[in-house]
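Encoded as structure tokens, the structure appears first; notes follow it.
The values are calculated or read from the model by the stated rules, or taken from the named source; none is laboratory data. Just so it is clear, the structure is predicted and the values come from calculations on it, not from any experiment. Positions of Cβ are generated from backbone atoms using ideal geometry, with glycine treated the same way; all protein chains shown enter the neighbour counts. Note: accessible area is taken over every heavy atom of the protein model, side chains too, but ligands, DNA and RNA are not part of it. Shrake-Rupley method; radii C 1.70, N 1.55, O 1.52, S 1.80 Å.
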2 protein chains.
Amino acid sequence: MWGIVLKPVKVGICGLGTVGSGTFNILRNNAEEITRRVGRSIVVEQIAARQVNPTCDTTGINTTSDIFDVANNPEVDIVVELIGGTTVALELVMTAIENGKHVVTANKALIAVHGNEIFAKAQEKGVMVAFEAAVAGGIPIIKSLREGLSANKIEWLAGIINGTGNFIMTEMSEKGRAFDDVLKEAQALGYAEADPTFDVEGIDAAHKLTILASIAYGIPLQFEKTYTEGISRITAEDVSFAKEMGYAIKHLGIARRTSAGVELRVHPTLISQKTLLANVNGVMNAVMVKGDAVGPTLTYGAGAGAMPTGSSVVADIIDVARTLTADPTNRVPHLAFQPEQLSDVSMLPIEEVECGFFLNMKIQDRAGVLANITQILSNNGISIESVIQREGTDLVPLVVMTHDVKERNMNVAIAAIEALPDVAGSVQRIRVENLA
Amino acid sequence: MWGIVLKPVKVGICGLGTVGSGTFNILRNNAEEITRRVGRSIVVEQIAARQVNPTCDTTGINTTSDIFDVANNPEVDIVVELIGGTTVALELVMTAIENGKHVVTANKALIAVHGNEIFAKAQEKGVMVAFEAAVAGGIPIIKSLREGLSANKIEWLAGIINGTGNFIMTEMSEKGRAFDDVLKEAQALGYAEADPTFDVEGIDAAHKLTILASIAYGIPLQFEKTYTEGISRITAEDVSFAKEMGYAIKHLGIARRTSAGVELRVHPTLISQKTLLANVNGVMNAVMVKGDAVGPTLTYGAGAGAMPTGSSVVADIIDVARTLTADPTNRVPHLAFQPEQLSDVSMLPIEEVECGFFLNMKIQDRAGVLANITQILSNNGISIESVIQREGTDLVPLVVMTHDVKERNMNVAIAAIEALPDVAGSVQRIRVENLA
């Protein structure tokens with residue numbers, strides 16, 4: 001039964017950009033080790049690319065400019081979708097599945113938005129769709145969550161899952177720089193796109209969080225229900241006051257199961273500087289998962305880049321190669337739970353979410369102002385953990401850190417505070433989490 | 001093909017101590033979620049225990065005091081070995097395999113010392129032996145290394161893989177306490193055994209490192225070739241000087257592939273306080289893995305305890321349940337690489353290992369002493385990175401941090417330094433690693 005030489009597994013790579021080139025070069029460079037692991041070789045049968053990538057030596061490989069050639073190639077066992085986007089990519093993936101081919105993809109938007117439809121079709125056809133590379137680049141978080149922690153009820157997860165955002169928050173924290181200034185550098189370094197909306201407004205993180213939450217809780221993908229807030233309104237002053245209180249501000253994706261429903265939210269968050277997560281800096285990613293049995297865990301690594309993301313794509317190819325002949329019933333389900341066992345637990349609107357708040361406002365340095373503000377908070381059932389008040393001649397900053405309170409109550413309190421004549425402009429509000 | 005109700009998988013649990021009770025209670029408490037994941041239920045068919053565990057309600061379960069009843073029970077699909085030790089446990093595991101049963105174990109000593117023999121028998125019989133819980137408790141590091149990072153050539157790995165040792169090093173660092181003092185507290189808290197040798201002298205860590213290295217490099221288990229050094233000789237002064245230089249002292253297990261062979265070593269190690277690993281405190285564990293494609297990664301979590309270790313045991317049971325009907329050729333191999341593809345690369349003796357050194361000695365506060373010492377280092381090709389010298393009236397401490405040098409050269413240099421009349425007693429030497 002052992003030692004039989006199995007025939008090679010043939011992959012077709014669609015897209016030879018950053019991730020495509022990483023994937024191709026890993027399959028080439030590490031071919032010998034991969035064969036030693038899998039017991040059969042993994043061969044690139046065909047490549048579809050609009051142009052040559054100078055980092056890839058594709059000599060002798062069947063190359064086409066039409067990705068559908070790959071999806072329709074009878075020689076190809078696994079179609080690797082690395083073209084990005086959600087229109088042509090969807091068509092490509094559905095065609096591949098329809099043709100009975102397995103699919104590996106790094107496309108977070110595609111899975112977050114069209115995953116339910118894709119997995120239903122894959123189930124019907126008995127093929128696998130693997131997407132480790134869609135979340136947190138090289139970190140094997142999908143595998144950890146879906147298999148490594150499969151004994152657990154997941155209580156919550158919280159991740160730094162966008163490297164661009166974390167680079168910006170790290171620079172702001174370490175060097176006291178302003179958001180716009182760091183963003184410009186990130187664009188010059190190639191970490192951020194010319195239009196940075198996708199990264200800094202949290203849409204990319206929301207795609208990834210949607211996928212993680214579905215796997216954690218066995219719920220259908222619900223990207224449209226994710227609360228999303230970016231980091232562009234965070235000031236150097238916020239970062240500095242947070243630091244003074246012992247906190248870092250990180251852009252987190254958070255999913256939590258409560259008795260009232262599942263929270264699904266991306267927003268800037270104050271976390272204690274003593275946590276490992278607060279010490280994840282630069283473009284690196286990390287995801288904390290709290291399971292009922294295992295307790296808190298953290299996984300850290302590169303969240304993007306050709307080789308790290310290629311590492312996850314190739315690991316998926318190896319996984320698929322290993323289960324090619326397995327009874328589909330025994331494969332790890334796409335969303336960790338058997339498809340007929342997915343739960344319809346409701347998502348909690350952000351107004352119902354409870355957490356602490358960091359409030360930063362400008363007030364007239366006048367007797368009675370602080371008393372008015374604390375009275376408003378108290379009237380809304382909000383207790384104060386700490387306060388920083390600066391003295392001055394005119395407008396001075398007041399920073400208040402609160403204990404946990406429902407967002408709905410905080411909204412009422414903030415509206416009342418902003419209506420006070422001695423409070424100038426709007427109150428900056430950043431959520432605070434205790435990740436233990 | 002989908003939605004068919006599969007028959008339950010029946011496990012027999014041998015040993016109902018800490019890990020056994022955690023495993024049992026997770027299978028009970030999370031039975032519904034586990035069934036939703038696996039698509040079939042996992043049932044405890046039989047328990048073998050010398051005595052009742054008050055945390056476990058075993059009403060109605062077939063219970064025996066003879067573990068071999070479980071290994072010979074025709075109803076049992078998976079034997080879960082949680083009795084510990086390497087004599088009866090070995091016999092139990094071999095009997096189970098001989099009877100065609102799959103095995104799940106948390107026994108690091110058993111795998112590190114007898115793994116080669118156990119895996120050969122398992123291969124012959126076409127069964128699986130799963131051992132995620134043997135390394136780093138609840139952290140799914142075996143799965144990450146063997147599957148999640150399967151695209152990579154592993155360059156090195158370094159881990160805090162003994163919670164007792166890390167608790168001691170953390171207390172020494174945070175509170176300036178002495179080793180003996182903290183050890184006594186660890187014993188009182190139940191973190192350390194009455195005879196703490198296994199933990200503080202690095203034997204337990206060496207078992208775990210042996211397993212990790214074999215999976216990383218596809219080499220047979222070679223516990224006897226692991227260099228092992230404990231933490232009992234580390235002083236509060238060492239910790240304090242290291243801190244002053246920006247370093248933490250951690251008890252690490254390190255495996256590294258070099259062109260000359262594989263390094264396999266457990267010893268106290270200075271690492272930069274800026275690394276995440278240096279900030280892993282208390283009884284928590286963490287393992288860094290550097291792959292050629294993914295770069296540096298880190299996984300963190302509880303390294304011991306009933307529920308965290310049970311989390312890994314149950315994850316293994318689920319994995320085995322999923323692959324029960326898979327062709328053995330396509331399963332993930334025990335040591336990550338196909339058994340006939342294991343490599344016979346040689347282990348590097350500690351004398352051949354290169355790293356930086358932290359030297360702490362007492363010298364006469366006299367002109368020319370430092371010059372003599374630096375001359376000796378220089379004669380042996382050792383360059384100095386930094387020095388701390390304290391002034392005083394009699395014997396004063398001198399701390400030297402060196403750049404990377406082969407241990408063989410350092411041995412010669414230290415012998416020469418210790419022979420100087422102005423150097424009192426022996427030179428404390430602690431290795432320094434740059435984990436980036």
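Look at residue A:390 and say whether it is open to solvent by 70 Å² or more (accessible area, probe 1.4 Å) and touching a Pro at 6+ places or on another chain (Cβ under 6 Å).
Against the criterion (open to solvent by 70 Å² or more (accessible area, probe 1.4 Å) and touching a Pro at 6+ places or on another chain (Cβ under 6 Å)), residue A:390 qualifies.
Condition first: surrounded by fewer than 19 Cβ atoms within 10 Å (Cβ to Cβ) and either modelled with pLDDT under 95 or in contact with a helix residue (DSSP H, G or I) (Cβ under 8 Å, 6 or more places away or on another chain) (or both). Now tell me which residues in region A:342-352 satisfy that.
A:343, A:344, A:345, A:346, A:350, A:351, A:352
Out of all the residues in region B:20-31, is one or more surrounded by 18 or more Cβ atoms within 10 Å (Cβ to Cβ), of a type in the set (A, V, I, L, M, F, W, C) and under 27 Å from residue B:198 (Cβ atoms)?
yes
Can you find a residue in region B:141-163 that is open to solvent by less than 10 Å² (accessible area, probe 1.4 Å), of a type in the set (Val, Ile, Thr), more than 12 Å from the chain's Cα centre (by Cα) and more than 11 Å from every other protein chain (Cβ to nearest Cβ)?
no
Conditions (1) of a type in the set (Val, Ile, Thr); (2) under 33 Å from the mean Cα position of the chain (by Cα); (3) outside the structural domain of residue A:255 (by TED's automatic domain parsing), marked per residue:
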{"site": "A:368", "(1), (2), (3)": "no, no, yes"}
{"site": "A:373", "(1), (2), (3)": "yes, no, yes"}
{"site": "A:376", "(1), (2), (3)": "yes, no, yes"}
{"site": "A:401", "(1), (2), (3)": "no, yes, yes"}
{"site": "A:405", "(1), (2), (3)": "yes, yes, yes"}
{"site": "A:412", "(1), (2), (3)": "yes, yes, yes"}
{"site": "A:416", "(1), (2), (3)": "no, no, yes"}
{"site": "A:421", "(1), (2), (3)": "no, no, yes"}
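Could you check region B:62-96 and list, in sequence order, the residues that are surrounded by fewer than 24 Cβ atoms within 10 Å (Cβ to Cβ) and among the small types (Gly, Ala, Ser)?
B:65, B:84, B:85, B:89
Can you tell me which residue is nearest to the other protein chains (Cβ to nearest Cβ) among those in region A:217-256 that are open to solvent by less than 20 Å² (accessible area, probe 1.4 Å) and assigned to a helix (DSSP H, G or I)?
The residue in question is A:217.
So residue B:59 ticks every box in (1) open to solvent by 20 Å² or more (accessible area, probe 1.4 Å); (2) over 17 Å from residue B:27 (Cβ atoms); (3) not hydrophobic (A, V, I, L, M, F, W, C) but one. Which box is left unticked?
(2)
Please determine whether any residue of region A:353-363 is closer than 30 Å to residue A:222 by Cα, open to solvent by 60 Å² or more (accessible area, probe 1.4 Å) and either in contact with a strand residue (DSSP E or B) (Cβ under 7 Å, 6 or more places away or on another chain) or without any contact (Cβ under 8 Å) to a residue 12 or more places away in the chain (or both).
There is at least one residue in region A:353-363 that is closer than 30 Å to residue A:222 by Cα, open to solvent by 60 Å² or more (accessible area, probe 1.4 Å) and either in contact with a strand residue (DSSP E or B) (Cβ under 7 Å, 6 or more places away or on another chain) or without any contact (Cβ under 8 Å) to a residue 12 or more places away in the chain (or both).
Condition first: touching a Phe, Trp or Tyr at 6+ places or on another chain (Cβ under 7 Å) and more than 12 Å from residue A:131 (Cβ to Cβ). Now tell me which residues in region A:98-115 satisfy that.
A:113
For region A:271-303, give me the residue count where each residue is over 11 Å from residue B:301 (Cβ atoms), assigned to a strand (DSSP E or B) and within 18 Å of the chain's Cα centre (by Cα).
8
What is the residue count in region B:257-286 for residues that are without any contact (Cβ under 8 Å) to a residue 40 or more places away in the chain and away from every other protein chain (no Cβ under 14 Å)?
1
Among the residues of region B:287-301, write down those that are buried (at least 24 other Cβ atoms within 10 Å of the Cβ) and facing chain A (nearest Cβ under 8 Å).
Scanning region B:287-301 gives B:291, B:293, B:294, B:297, B:298, B:299, B:300, B:301.
Of all residues in region A:97-133, count the ones that are in a helix (DSSP H, G or I), touching a residue at least 40 places away in the same chain (Cβ under 8 Å) and either within 14 Å of another protein chain (Cβ to nearest Cβ) or open to solvent by 10 Å² or more (accessible area, probe 1.4 Å) (or both).
Residues flagged as in a helix (DSSP H, G or I), touching a residue at least 40 places away in the same chain (Cβ under 8 Å) and either within 14 Å of another protein chain (Cβ to nearest Cβ) or open to solvent by 10 Å² or more (accessible area, probe 1.4 Å) (or both) within region A:97-133 amount to 10.
Check B:179, B:198 and return the single one that is open to solvent by 10 Å² or more (accessible area, probe 1.4 Å) and in contact (Cβ under 8 Å) with a residue 24 or more places away in the chain.
B:179
Kindly check whether there is at least one residue in region A:200-216 that is of a type in the set (Val, Ile, Thr), within 30 Å of residue A:361 (Cα to Cα) and within 14 Å of chain B (Cβ to nearest Cβ).
no
Just checking, does region B:148-158 include any residue being closer than 25 Å to residue A:308 by Cβ and β-branched (Val, Ile, Thr)?
For region B:148-158, residues closer than 25 Å to residue A:308 by Cβ and β-branched (Val, Ile, Thr): present.
Any chance you could count how many residues in region B:14-63 are touching a Ser or Thr at 6+ places or on another chain (Cβ under 6 Å), farther than 18 Å from residue A:341 by Cβ and either in a strand (DSSP E or B) or without any contact (Cβ under 8 Å) to a residue 12 or more places away in the chain (or both)?
Result for region B:14-63: 2.
How many residues does region B:305-341 contain that are buried (at least 20 other Cβ atoms within 10 Å of the Cβ), outside any helix (DSSP H, G or I) and more than 7 Å from chain A (Cβ to nearest Cβ)?
Matching residues across region B:305-341 total 3.
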